[in-house]
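For reference, the structure is listed below as structure tokens.
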Amino acid sequence: MGQTQLTVSLREGTGKGVARSLRRKDLVPGVVYGKGMEACPVFVEPKALETAIATESGWNTLITLQGEGPFAGKVVILKDMDVDSIKRTPRHVDFHAVNMKKKVHVMVPVHAVGKSAGEKIGGSLEVIRHELEVHCYPDQIPAAVEIDVTALGIGDVIHIEDVTLPEGVEVPHEVNFTVITCTGRKAEEEEPAAAGEGA
């Protein structure tokens, strides 16, 4: 579980005009919210934000906020980020304050580990679910759900109930959905040449 710190500043005023003014100064407007606290408008330096989430946990990094304001000392995760479609720079960020003693629902990536038996004979590995919703305490959020696919043959499927999850982590589901499969054509035995062929 990635953990880091980030300094943010209290933002005076809200609205599009204030946000545009901050962006002209190369600053990113944002908001901190969570249960038991009023939404708090803030702004942050983009490089500091990039550094804060540059861990193996990405958006699920536990970030302790620093600075002067009601957000000081809050542990948050990056809940949403609006990115400029051309410059690819952040335009707005949402930080969700978490209670370390209460479970949260977050999305984590799926990582296939190893090369499947099916791929070795010409098949293709298909990851159907690239992310999974997990339910756990904040300090148990995995960087990814790793799934060993080495034994997967052509036509085989890994369902969510087949996945071994890290301790304390659950994937809420009502349907035993497919996570990974291996597709392709199985080798077929050659048919014997017809009698008299080539005569």
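Data overview
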| quantity | calculated |
| --- | --- |
| For Pro142: the one exception among (1) under 26 Å from Glu174 (Cα atoms); (2) out of contact with any helix residue (DSSP H, G or I) (no Cβ under 8 Å at 6 or more places or on another chain); (3) not in a loop (DSSP other than H, G, I, E, B) | (3) |
| Subset of segment 1-33 that is at negative phi and small (Gly, Ala, Ser) - its residue that is surrounded by the most Cβ atoms within 10 Å (Cβ to Cβ) | Gly30 |
| Pairs where the first residue, in segment 142-168, is without any contact (Cβ under 8 Å) to a residue 24 or more places away in the chain and the second is in a strand (DSSP E or B) and of a type in the set (Ser, Thr, Tyr), C-beta under 9 Å, 6+ apart | Ile158/Thr178; Ile158/Thr181; His159/Thr178 |
| Selection within segment 115-138 - of a type in the set (Gly, Ala, Ser) and either farther than 23 Å from Asn176 by Cβ or loosely packed, with under 13 Cβ neighbours inside 10 Å (or both) | Gly122, Ser124 |
| Hey, Thr55 under 20 Å from the mean Cα position of the chain (by Cα), β-branched (Val, Ile, Thr) and part of a loop (DSSP other than H, G, I, E, B) or not | yes |
| Lone unmet requirement of (1) over 15 Å from Pro29 (Cα atoms); (2) crowded, with 19+ Cβ neighbours inside 10 Å; (3) within 20 Å of the chain's Cα centre (by Cα) for Val93 | (1) |
| Any chance Glu167 is outside the structural domain of Glu56 (by TED's automatic domain parsing) and either within 18 Å of Thr61 (Cα to Cα) or loosely packed, with under 13 Cβ neighbours inside 10 Å (or both) | yes |
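The values are calculated or read from the model by the stated rules, or taken from the named source; none is laboratory data. Note that the coordinates shown come from a computational prediction; the quantities given were computed from them, not determined experimentally. So basically every Cβ, Gly included, is an ideal-geometry build from the backbone, and we count neighbours across all protein chains shown.
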